[in-house]
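This report concerns only the one structure given below.
Since every read-out is calculated from the coordinates, none of them should be taken as a lab result. This structure is a prediction, so every number in the text was calculated from the model and none was measured. When we count neighbours, we look across all protein chains shown, and the Cβ atoms used for this are built from the backbone with ideal geometry, even at glycine.
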Amino acid sequence: MLPELIGYHVRLAQMAIFADFAGALADLDLSPGLFALLVIIEANPGMKQTRLAEAARLDRSTLVPALDRLELRSLVERRAAPKDRRSNGLFLTAAGADLLTMAKEAVRAHEAQIAAGLSQPNRRRLIELLDSLAPSRR
């Protein structure tokens, strides 16, 4: 029965891909989750924690310790929002931007490796098919 289940194949692929992804970031002492947070913050400088939690699909109890780790490593800083000093905006530091540049290179190499057997049209089609399985998750 398992060979007939889409979820089974997706999970096998996810486990293999995620393990390789984590390995690609290991030398930078960065997890895939922390990488995602850095990417989102880079694209949205000054964003509030609640918006980051929504974008990363994390609850507050998961996000806050992750941000604490990034801040402790001086990769991210929280700054009081100019219009609402009760909330903080999130920004990459120079060290965070530098680390993210290296991490993106590692992730691009990882992506190239896992997609090596796919033509560009098949790669796009795979992404479309996976998106169609969870359209509300985008």
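Miscellaneous remarks
- Cβ-Cβ FRET estimate between Ser132 and Thr101, R0 fixed at 35 Å, reported to 0.05: 0.60
- For the chain: relative contact order, % (alpha-carbon pairs under 8 angstrom, 6 or more apart): 23 percent
- D_trans [Stokes-Einstein, Kirkwood Rh over alpha-carbon pairs] for the chain, 4 °C, 1.567 mPa s, µm² s⁻¹: 77 µm²/s
- Pairs of alpha carbons in the stretch 59-123 whose separation is greater than 14 Å (percent): 71 percent
- Given their separation in residues at 0.36 nm each and the Cα-Cα distance between them, Leu5 and Leu72 gain 19.8 nm when the chain is fully extended.
- For the chain, modelled as a GNM whose springs connect Cα atoms under 10 angstrom apart, the maximal fluctuation among Pro65, Pro82, Pro45 occurs at Pro82.
- Sparse packing (at most 11 other Cβ atoms within 10 Å of the Cβ) combined with a DSSP loop state is found for the following trypsin sites (Lys or Arg not before Pro) in the stretch 83-113: Lys83, Arg85, Arg86.
- With R₀ set to 30 Å, the beta-carbon distance separating Ile114 from Lys83 gives a calculated FRET efficiency near 0.10.
- Between the stretch 34-50 and the stretch 67-138, the alpha-carbon centres lie 8 Å apart.
- Qualifying trypsin sites (Lys or Arg not before Pro) in the stretch 17-80, DSSP loop, other Cβ atoms within 10 Å at most 11: Arg57
- Largest GNM mean-square fluctuation across Ile17, Ile40, Ile127, computed for the chain with C-alpha springs under 10 Å, falls on Ile127.
- Positive dipole terminus of the stretch 21-80, leading residue within Ala24, Thr62, Ser74 (C-beta point charges): Thr62
- Square roots of 5 times each gyration tensor eigenvalue, C-alpha, the stretch 1-48, largest first, Å: 30, 15, 5
- Helical mean residue ellipticity (222 nm; -39500 (n - 2.57) per DSSP H run of 4+; nearest 500) of the chain: -21000 deg cm²/dmol
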